[in-house]
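This report refers to the structure that appears directly beneath it.
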Amino acid sequence: MSLSRFLRTLQLALKSVMLHKLRSGLTMLGIVFGVFSVIAMLAIGEGASSQAQKQVLELGATNIIVRSVKPPDETSSSSSGGGQSFVLRYGLTRKDLEVISETIPSVMGVVPVRELTQEVRHQQYTLNARVVGSTPEYLEMNHLGMEQGRFLTDHDLEEMANVVVLAHETARILFPFENPIGQPVQIASRAYRVIGVTQDRTASAAIGGSLSGQDYNKDVYMPLFTLQTRLNTGDLFIRRTQGSFSAVSVVYDQITLKVGDKNGLTDDRDLVIPTAEVVRETIRNLHGEGTNDFSVVVPLELLKQADQIRKIFNIVLGSIAAISLIVGGIGIMNIMLATVTERTREIGIRRALGARRRDIIQQFLTETIVLSGTGGLIGIMMGLLTPAAFVGIKWFVDAYVMDQTTGRSDLGRLFSDMEPQVAMWSLPVAFGVSVAIGVIFGTYPARAAARLDPIEALRHE
Amino acid sequence: MSSVASLVNLTKFYDLGSVVVKALRGVSLEIPEGDFIAIMGSSGSGKSTLLNLLGALDRPTEGQYILNGRDTSQMSDNELSIVRNSDIGFIFQSFNLITQYTVLENIEVPLLYRTGYPPISARDRNRCIDVANQVGLGDRLDHRPFQLSGGQQQRVAIARALINDPAIIMADEPTGNLDSKTEEEIIQILTDLNNEGRTIIMVTHENSVARRTKRQVFMKDGLIAGEGIFPG
Ligand SMILES: Nc1ncnc2c1ncn2[C@@H]1O[C@H](COP(=O)(O)OP(=O)(O)OP(=O)(O)O)[C@@H](O)[C@H]1O
Ligand SMILES: [Mg+2]
């Protein structure tokens, strides 16, 4: 088909479609909403997955996080000492840390963490902060940056220095008017000197439910040994008060492991999951069979889970899309069949004047494709507006549905967590599918039109 | 004078299952170039059936129809379409214009289906305007059929029949829907065309119309019952 002939057929089809604007518009609706919903849903899915990816990168794609878990009931925990002792011991021990870092070759770095919630005070300003005892590597492992001053050093650790680093928000609350560097803060009636402030860092939301969202902005960091000695929480102190009162003993709340190949031969990411397996096995051997006092979280696995969820999401979405597009196609076919009947006389006239069967097929097929293709284009344009529409929805929810006490409603959080991103590949695909729908559902009516006997068609009405 | 078309023992049967309607039972006819024939006869005698065969809208059950030296009785649907487009011009009783098109666009329709589908050139467009002028519609090119009188609509149909310069013009009761004054105008146009050398075959019930042609053919029960200049 030559270009001029194609353009002529297209022009003819546009003319017919424009002749009944309302009818054509209504006919297109099925395709419009089908295409729009596919693009919008894909955009939401894409946004969610890129957010998951970002979060995993924040947690560290080559990290393995081992956390202490309080056993569900007493029987599964081990009590030390005699019957008078109620010291509940569970979780990650110093021994675990040593064995893991010394026997597993792919573990390149180990950052133990002990955390407590404590009241932190400076003059009249107080804050219930998460006090994190850790090592200098904590900074890098968690992708934190310094705003001012410095982070903890090995020297601080060895010396059990009475120093703290404040997170951005903590510093702002405790020192609204002063520079905190060099100033003292009080934690459990002891004073610590502020040596640095970390940069602002937005909370990372929970992924897959296995790791609670961390708000790094309300932290106070101090050397691990300082926390364990001074804040009376480490295993050292609990043991000495054995038998006199019940206590909980945990050495580390969390150990973050960095995985890598010392020789740089394999991709670090490929080592993460096997290493996690070895870590699980090692700790299980150390703690004894059947103990459930730790959990291993692998951010990379979370990424894979997120991918899996997205795949399922896409399949479900694809099915819904297929159904809605088929329904749209049937709607178009229905109208086209009615059109063919309505225009039987016109078909007869064209045939008498020399139109061949395939000219009639082309005419009606093009008309159907123009309908479905235009519907697709409108749907695409609506789909492109999804991110902008979300901004509007968020604004509306923030303005009118906000919960006064928490500052945010569940609905608000739901929407603010969504960042739709239109998947560019979905646009040509959506258009192609719309055109294909036109071809599939237009062929039958077009053939029906071409099959008409010219003499009978001329006699119609 | 050479023959544009010749019919040899043409039959057309409609098999309706229980009965077979014999619409044409063996019609032979020579149509010389430049002829102007009126086909007459009572209702149901087979006039329209004959005209549809002559117009290549249908194939005969048996017999031959040779148009421009080619036998159309065995042609495929595609070939018949090509013949209709290039060799035949149709004029119908009910005008049969495309309602959503303007006068000019209606005249152009046969150009859309020319062999090879050449684009409509400026020359083609000028020809459309010439033909429209010829039937007296030069000032109505942008009108739609519903804005025109019956006589004007039939003129559009005549212009449309002329646009591809056909060998024969087929007219099935072209004045059947028109009053006598308009009828006269249309017949005058057809007579003028015949005087220019066009071959015209026209079905009519009106003696007054038939009298204006060169030759009359009387149909009865699917056969030609008589032929010759109408005695008066
Ligand atoms: N498609 C068809 N199927 C069955 N019978 C048909 C068909 N077309 C025509 N006939 C029959 O063939 C015969 C001739 O019909 P035709 O239309 O040629 O008559 P006509 O001379 O044009 O009549 P009128 O003056 O009423 O137009 C009629 O008996 C008609 O019923
Ligand atoms: Mg008839």
Could you give the nm distance between label points at A:Glu178 and B:Ser6, where each point is 7 Å from its Cα heading toward the beta carbon?
12.4 nm
Diffusion constant of chain B at 10 °C, which comes from Stokes-Einstein with the Kirkwood Cα-pair radius and 1.306 mPa s, µm²/s
87 µm²/s
Please compute the average number of Cβ atoms from other chains found within 10 Å of each residue's Cβ in peptide B:73-81.
3
In the protein assembly as shown, what percentage of the DSSP-assigned beta bridges are antiparallel, given to the nearest 5?
65 percent
If each K or R counts +1 and each D or E counts -1, the residues other than A:Glu115 whose Cβ falls under 10 Å of its Cβ total 0
Area accessible to solvent at A:Met41, 1.4 Å probe radius, in Å²
80 Å²
So for R0 = 30 Å, FRET eff. of A:Val99-A:Lys394 from the Cβ-Cβ r, to 0.05, ends up at 0.05
Estimated vicinal HN-Hα couplings, Hz - segment A:178-186 in sequence order (Karplus 6.51, -1.76, 1.60; Gly, Pro = x)
10, 7, x, 4, x, 7, x, 10, 9
At R0 = 35 Å the Cβ-Cβ FRET efficiency linking A:Asn285 and A:Thr153, nearest 0.05, sits at 0.55
Give the calculated FRET efficiency between A:Thr229 and A:Arg310 to the nearest 0.05, with a Förster radius of 45 Å applied to their Cβ-Cβ distance.
0.45
Taking each residue of A:15-27 in turn, how many C-beta atoms of other protein chains fall within 10 Å of its C-beta, and what is the average?
1
Accessible surface of A:Glu169 in the full protein assembly, 1.4 angstrom probe, to the nearest 10 Å²?
50 Å²
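Using a ≥ b ≥ c from the Cα gyration tensor of segment B:89-195 (square roots of the eigenvalues), is it rounded, prolate or oblate, where a/c under 1.5 gives rounded and otherwise the larger of a/b and b/c decides, a/b for prolate?
prolate
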Using the Cα centre of segment B:10-129 as the reference point, and only Cβ charges (+1 on K/R, -1 on D/E), how large is the resulting charge dipole? Debye, rounded to the nearest 20.
160 debye
Rounded if a/c is under 1.5, else prolate if a/b is larger than b/c, else oblate: which is segment A:324-396, with a ≥ b ≥ c the root eigenvalues of its Cα gyration tensor?
prolate
Please report the spacing between the Cα centers of segment A:139-183 and segment B:57-124 in Å, no decimals.
91 Å
Amide H partners (placed H, <5 Å) of B:Ile200, local residues excluded:
B:Asp35, B:Phe36, B:Ile37, B:Ile169
Excluding B:Leu51 itself, calculate the net charge of residues whose Cβ lies under 11 Å from the Cβ of B:Leu51, where each Lys or Arg counts +1 and each Asp or Glu counts -1.
-2
Given labels modelled 7 Å from the Cα in the Cβ direction, how far is it in nm from A:Ala436 to A:Ser319?
1.9 nm
HN-Hα J in Hz across segment A:270-287 - Karplus 6.51, -1.76, 1.60, θ = phi - 60°, x for Gly and Pro:
5, 7, 4, 6, x, 4, 4, 4, 4, 4, 4, 4, 4, 5, 4, 5, 5, 8
Please work out how much accessible surface A:Trp425 shows to a 1.4 Å probe, ignoring ligands, DNA and RNA, in Å² rounded to 10.
140 Å²
Accessible heavy-atom area order of A:Lys394, A:Lys54, highest first, probe of 1.4 Å
A:Lys54, A:Lys394
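Roughly how many Å² is the accessible area per residue of the protein assembly as shown, as a whole number, for a 1.4 Å probe?
With all protein chains present, the protein assembly as shown gives 47 Å² per residue.
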Highest mean first, what order results for A:134-145, A:357-368, B:151-162, A:279-290 on Cβ atoms within 10 Å?
B:151-162, A:357-368, A:134-145, A:279-290
Could you order the peptides B:70-81, A:103-114 from most to least packed, using the average number of other C-beta atoms within 10 Å per residue?
A:103-114, B:70-81
DSSP bridge pairs, chain B: antiparallel proportion in percent, nearest 5
55 percent
Find the relative contact order for segment B:3-227 and round it to a whole percent, using C-alpha pairs within less than 8 Å whose residues are 6+ positions apart.
31 percent
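Quote the charge dipole size of segment B:3-227 about the Cα centre in Debye, to the nearest 20; the model charges only the Cβ of Lys and Arg (+1) and of Asp and Glu (-1). Write out the running numbers ahead of the final one.
Working: 22 positive and 28 negative charges, 20 e Å.
Once rounded to the nearest 20, the dipole reads 100 debye.
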Based on Cα coordinates alone, diagonalise the gyration tensor for the protein assembly as shown, multiply each eigenvalue by 5, take square roots, and list the semi-axes in whole Å, largest first.
96, 25, 19
Percent of accessible area on the protein assembly as shown owned by carbon and sulfur, 1.4 Å probe?
55 percent
Considering chain B as a Gaussian network with a 10 Å cut-off on Cα pairs, which listed residue, B:Ser43, B:Ser18, B:Ser208, attains the greatest mean-square fluctuation?
B:Ser18
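The values are calculated or read from the model by the stated rules, or taken from the named source; none is laboratory data. This structure is a prediction, so every number in the text was calculated from the model and none was measured. Positions of Cβ are backbone-derived with ideal geometry, glycine not excepted, and every protein chain shown enters the neighbour counts. Just the protein is used for accessible areas: all its heavy atoms, side chains included, with ligands, DNA and RNA removed. Shrake-Rupley method; radii C 1.70, N 1.55, O 1.52, S 1.80 Å.
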